[in-house]
Amino acid sequence: MSHKESHALWHVDNKTSEIRTEVIHEYGEEFLLKSKYSLISTGTELLIARGLVPAELSNTMKVPHMEGDLMLPVKYGYSLTGESPGYGAFHIMHPHQDICIVNRAEAFAIPEGIPLKRATLASNLETALTAVWDGKILPGERALVVGFGMIGSLTARLISQIPGCTVDVYDVSHPRLEYARQFGFNPVEDPYAATEPYDVSFHCSASSGGLQMAIDLLGREGRVVELSWYGVNAINLSLGSDFHSMRKRIISSQVGSIPAAMSPAWDIRRRKKTVFKLLSDPIFDQHITHEISLDEAAECFNEWRTSSPEGLGYVIKYN
């Protein structure tokens, strides 16, 4: 057994994040992974950093290699890529850390030709792919994505690749709408001015107003796919107008399992392989807009607790 010193991002309390040094030990069935990039999932990770996880979910929301507790302090994160001498390049669910000890069964070999930076999108792209499955969106349908963060942007990307589908994008942030425009999507300043109802909407803004919009703009038998996680935050909705008469539906989407209709033929491993086939397309590089160091990540979280990130996708680059 050997040991090495590593550095990892910890959320100490609801006001402070910091980099901690720790000693890691290497065992026979494990190998050492030198981190290259890890993706910050700002929605989920900010909720955790702000201390807004319901106590009853502190066990349910655990991720592999997490240390501490979601009630804080905690070491958290779930999309990291790295290289191991003699083994190759891998994607793994792991907190933000510069050196990791990885069990062979937990690591997914990154296919040749996919840059390790782009490969960090894998976990969030799994979320977006699962949402598209849950929405059962068909060729030719009209879709609205409310909330153009990382998950919303990846969801819009997948919808745009379905033949005949149109996808409109809304976000309260004008810079994010500008990203949508640069990506080739159709950003809308006022979705309520739409002349036609949407067949399906995907809600990713984690706000009452966003979810209400996603419901209101649906046509008959329309469905909302809810991707937001609210933590302890309560939301208020008005369902007294045409929600029932138009037979609208709200569908919960969560990446932790395969949708029931697909589970006979699909498992987590097959979904992961599909995601990496999608990531062979360089167009996904657009979704990573900022690159920061591990030290800067702690500073960013300390700022983001009181002001939301202006960018879209943030990756930590390791030396």
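Every read-out reported here was derived from the displayed coordinates using simple, explicitly stated rules and does not represent laboratory data. If you're wondering where the values come from, they're calculated on a predicted model, not measured in any experiment. All Cβ positions, even for glycine, are placed from backbone atoms using ideal geometry, and neighbour counts span all protein chains on display.
Listing for the model above:
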{"quantity": "Karplus-derived 3J(HN,Hα), 6.51/-1.76/1.60, for each residue of the stretch 102-107, Hz, glycine and proline x", "calculated": "10, 7, 4, 6, 8, 8"}
{"quantity": "Ordering of 113-123, 234-244, 66-76, 35-45 by burial proxy (mean other Cβ atoms within 10 Å per residue, highest first)", "calculated": "35-45, 113-123, 66-76, 234-244"}
{"quantity": "Fewest-first ranking of Ser17, Ser308, using other Cβ atoms within 10 Å as the exposure measure", "calculated": "Ser308, Ser17"}
{"quantity": "222 nm mean residue ellipticity, helices alone, for the chain (DSSP H n ≥ 4; -39,500 (n - 2.57); rounded to 500)", "calculated": "-7000 deg cm²/dmol"}
{"quantity": "Computed Rg/Rh of the stretch 12-162, alpha carbon atoms with Kirkwood Rh", "calculated": "1.01"}
{"quantity": "Paramagnetic label zone (point 7 Å from Cα along Cα-to-C-beta, Ile235; backbone N under 14 Å) in the stretch 115-147", "calculated": "145-147"}
{"quantity": "Estimated FRET transfer efficiency when R0 is 45 angstrom, pair Asp295-Met246 (beta carbons, to 0.05)", "calculated": "0.30"}
{"quantity": "Packing rank of 77-83, 226-232, where each peptide gets the mean count of other beta carbons within 10 Å, highest leading", "calculated": "77-83, 226-232"}
{"quantity": "His7, His203, His174 arranged by Cβ crowding within 10 Å, fewest neighbours leading", "calculated": "His174, His7, His203"}
{"quantity": "Span-like helix ranges in the chain, DSSP H, alpha carbon extent 24 angstrom or more, Kyte mean at least 1.6", "calculated": "none"}
{"quantity": "Order of Leu33, Leu217, Leu52 under a 10 Å beta carbon neighbour criterion, fewest first", "calculated": "Leu52, Leu217, Leu33"}
{"quantity": "Charge sum, other residues only, whose C-beta stays under 15 Å from Ser17's C-beta, Lys/Arg counted +1 and Asp/Glu -1", "calculated": "-3"}
{"quantity": "Built amide H within the under 5 Å cut-off of Glu67, gap 5+", "calculated": "Lys75"}
{"quantity": "Neighbourhood net charge (15 Å Cβ-Cβ; Lys/Arg +1, Asp/Glu -1) for Val224", "calculated": "-1"}
{"quantity": "Where Cα atoms sit under 12 Å apart: lysine pairs in the chain separated by 8 or more or lying on different chains", "calculated": "6"}
{"quantity": "Pairwise Cα inverse-distance average, inverted: Kirkwood Rh of the stretch 93-184 (Å)", "calculated": "15.2"}
{"quantity": "The stretch 137-188: radius of gyration and largest Cα-Cα distance (Dmax), Å", "calculated": "10.1, 30"}
{"quantity": "Sequence-distant residues sharing a close amide H with Val145 (under 5 Å, placed H)", "calculated": "Asp168, Val169, Tyr170, Phe202"}
{"quantity": "Cα convex hull of the chain, projected area averaged across orientations, nm²", "calculated": "16.7"}
{"quantity": "Translational diffusion of the stretch 125-252, µm² s⁻¹ [Kirkwood Rh, Cα pairs; Stokes-Einstein; 4 °C; 1.567 mPa s]", "calculated": "90"}
{"quantity": "Distance between the stretch 24-62 and the stretch 184-205 - C-alpha centres, whole angstrom", "calculated": "33"}
{"quantity": "Among 294-304, 55-65, the order from most to least packed when residues are scored by Cβ within 10 Å on average", "calculated": "294-304, 55-65"}
{"quantity": "Sites His7 and Arg104, calculated FRET efficiency, Cβ-Cβ separation with R0 41 Å, nearest 0.05", "calculated": "0.95"}
